[in-house]
1. State yes or no: is VAL135 more than 20 Å from ASP27 (Cα to Cα) and either of a type in the set (Val, Ile, Thr) or surrounded by 23 or more Cβ atoms within 10 Å (Cβ to Cβ) (or both)?
2. Any residue at all in the stretch 66-89 that is open to solvent by less than 20 Å² (accessible area, probe 1.4 Å), in contact with a strand residue (DSSP E or B) (Cβ under 7 Å, 6 or more places away or on another chain), of a type outside the set (Ser, Thr, Tyr) and in a helix (DSSP H, G or I)?
3. What pairs can you find where one residue is in the stretch 170-186 and in contact (Cβ under 8 Å) with a residue 60 or more places away in the chain, the other is open to solvent by 70 Å² or more (accessible area, probe 1.4 Å), and their Cβ atoms are less than 7 Å apart, with a gap of 6+ or different chains?
4. For residues that are open to solvent by less than 30 Å² (accessible area, probe 1.4 Å) and in a loop (DSSP other than H, G, I, E, B), scanning just the stretch 149-186, find the one that is farthest from ALA79 (Cα to Cα).
5. Name the single residue, out of those in the stretch 11-56 being part of a helix (DSSP H, G or I) and modelled with pLDDT under 65, that is farthest from ASN155 (Cα to Cα).
6. Select from the stretch 187-211 the residues that are part of a loop (DSSP other than H, G, I, E, B) and polar (S, T, N, Q) and write down the one among them that is nearest to ASP152 (Cα to Cα).
7. Those residues that are within 15 Å of the chain's Cα centre (by Cα), assigned to a helix (DSSP H, G or I) and farther than 15 Å from ASP210 by Cβ, I need them from the stretch 100-129; list them, please.
Amino acid sequence: RFFSPEIGEEIEVGEIVVGRGGSKVADVAVLFTDIAGFTKLSEKMDPQDVLDLLSEYQTLMVDAIFQHKGTVDKFIGDAVMANFGTPKSHGNDAQNAFNCGVLMNRKLGEWNEERQGAGLPVIHHRIGIHFGTCVVGNMGSEQRLEFAVIGDAVNVASRICDACKDFDSNFLISADVASRITHELPSEDVPDVRIRGREESINLVKIYTDG
């Protein structure tokens with residue numbers, strides 16, 4: 001329930017090591033998704049309804065992540081962070097992350113059809129994906145263990161997700177991701193974007209899907 005099937009298998013065979021001895025440097029695709037306007041939306045809802053909404057949304061997103069060989073790194077409020085390429089690479093992790101994002105939008109669209117049929121408001125979300133070098137390993141203590149990915153790529157992926165609201169988009173990827181994938185979806189280059197907390201600008205690509 002808490003780990004991707006592959007990490008579960010590693011735990012079962014005892015290959016998980018805590019600390020520096022269990023860490024490695026790897027090229028990883030990092031994906032963030034969150035619900036747009038969640039704070040405003042939740043203000044008018046009963047706390048239990050908010051919890052149910054988050055549970056339904058995150059269940060859909062996690063299913064898409066696992067279908068594309070991804071690992072759920074953590075839940076941060078209404079956001080989900082996932083990485084592709086851990087605990088091992090599957091060849092084209094950027095492609096897997098991108099395909100996951102496409103499926104996430106499709107699942108959101110189907111869910112919104114159900115919500116509209118039940119008289120519930122439509123949910124909008126954002127997706128941001130970046131590819132880069134990170135440190136991958138098990139952090140924490142024996143009492144509280146977390147399999148995590150740390151590095152600039154994580155921060156950039158989070159900022160890309162946030163940047164969706166600045167470019168009227170719900171799906172942005174970095175040029176580093178775009179150069180590693182193939183797809184037939186409509187897209188638009190967004191060059192020289194300033195990312196908060198980063199001196200250098202970054203090139204992004206808007207992806208248009210039906211979701």
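1. Judged against the criteria, VAL135 is not a match.
2. No, that holds for no residue.
3. ASN170/HIS124; LEU185/TYR208
4. Per the stated criteria, the residue is ILE181.
5. This residue is ILE11.
6. Result: SER201.
7. Result: CYS100, single match.
The values are calculated or read from the model by the stated rules, or taken from the named source; none is laboratory data. Being a predicted model, the structure only gives us computed values, none of them experimental. No Cβ is skipped: glycine too gets one built from the backbone with ideal geometry, and neighbour counts run over all protein chains shown. Note: accessible area is taken over every heavy atom of the protein model, side chains too, but ligands, DNA and RNA are not part of it. Shrake-Rupley method; radii C 1.70, N 1.55, O 1.52, S 1.80 Å.
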